[in-house]
Structure formats: C-alpha cells, structure tokens
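*Asks:* Structure incoming, see below.
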Amino acid sequence: MDARDIILAPLITEKSMAGTQVQQYSFEVHPAATKTQIKHAVQDIFKVTVTKINTVNVPGKVKNFARRGTRTSGKQSDWKKAIVTLAAGQKIELNGLNYFEQ
C-alpha cells in the first residue's frame, strides 16, 4: 500500500485538538494497516519523527430511520483510528496551515 492509501484523513475533533498540546495527532487509517505501516506513512507524508502509535478499531453506529411510513435500520461502516505521538518539538501542518491548532 502507498502512504496516501494508509492515511485516509486527519480527525479534527475537540478531543484530538486537546491532544496536539502533547504532540498527539489523530488520523483515520485503512482498516488493514499495521502500526509499522502507519508510522512509515506519517513519516513519509509529513516529514516528522514518530515515537508511538496507538490504534483503535471503531465499530460503526446503528442508525434507525423512517422512510415512507416504514421504520428501518442501517449500520455505518466500521473504521480504524490511529493516534500518533511525535517527538518533542515537532508538529504537523497541512498545506502550510496548522489545522490541528486553531
């Protein structure tokens, strides 16, 4: 897999923003990606030194909805989250902007 296939999107949430104070950044990653692949992908894309990787398999939510008088339910897809810890003093910027610290 290519590095861009492993890192799908950055996660911009309140909790992930709080983690940036201690050099922790959250990403949505490919479900089959390993910690080693994630580490190499982040280092290749952002040119930073990764010290630690934590991964979480997040189950999809079950949603109920009504359409044309009938109630049905559906399930969102499962996905994988990676929390990447960088070396001290480093940070990640996307397109020259630091979206993680706003």
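The values are calculated or read from the model by the stated rules, or taken from the named source; none is laboratory data. Worth saying up front: this structure is predicted, and the values here are computed from it rather than measured. FYI the Cβ positions are ideal-geometry reconstructions off the backbone, even for glycines, and counts take in every protein chain you see.
*Asks:* In region 34-47, is there at least one residue being among the acidic types (Asp, Glu) and under 18 Å from Lys80 (Cα atoms)? Before the answer, list the steps.
*Replies:* Here is the first cut: in region 34-47, the ones among the acidic types (Asp, Glu) are 44.
With under 18 Å from Lys80 (Cα atoms) added as a condition, the list becomes none.
There is no residue in region 34-47 that is among the acidic types (Asp, Glu) and under 18 Å from Lys80 (Cα atoms).
*Asks:* Also: Pick from region 39-56 the residues that are among the hydrophobic types (A, V, I, L, M, F, W, C) and within 20 Å of Gly89 (Cβ to Cβ): which of them is surrounded by the most Cβ atoms within 10 Å (Cβ to Cβ)? Reasoning before the result, please.
*Replies:* Narrowing region 39-56 to residues among the hydrophobic types (A, V, I, L, M, F, W, C): 41-42, 45-46, 48, 50, 53, 56.
Okay, now just the ones that are also within 20 Å of Gly89 (Cβ to Cβ), so 42, 45-46, 48, 50, 53.
Working: Val42: 24, Ile45: 15, Phe46: 19, Val48: 18, Val50: 20, Ile53: 17.
That would be Val42.
*Asks:* Another question, then. Could you look through region 64-102, keep only residues that are at pLDDT 90 or above and not in a strand (DSSP E or B), and pick out the one that is nearest to Ala33 (Cα to Cα)?
*Replies:* The qualifying residue nearest to Ala33 (Cα to Cα) is Asp78.
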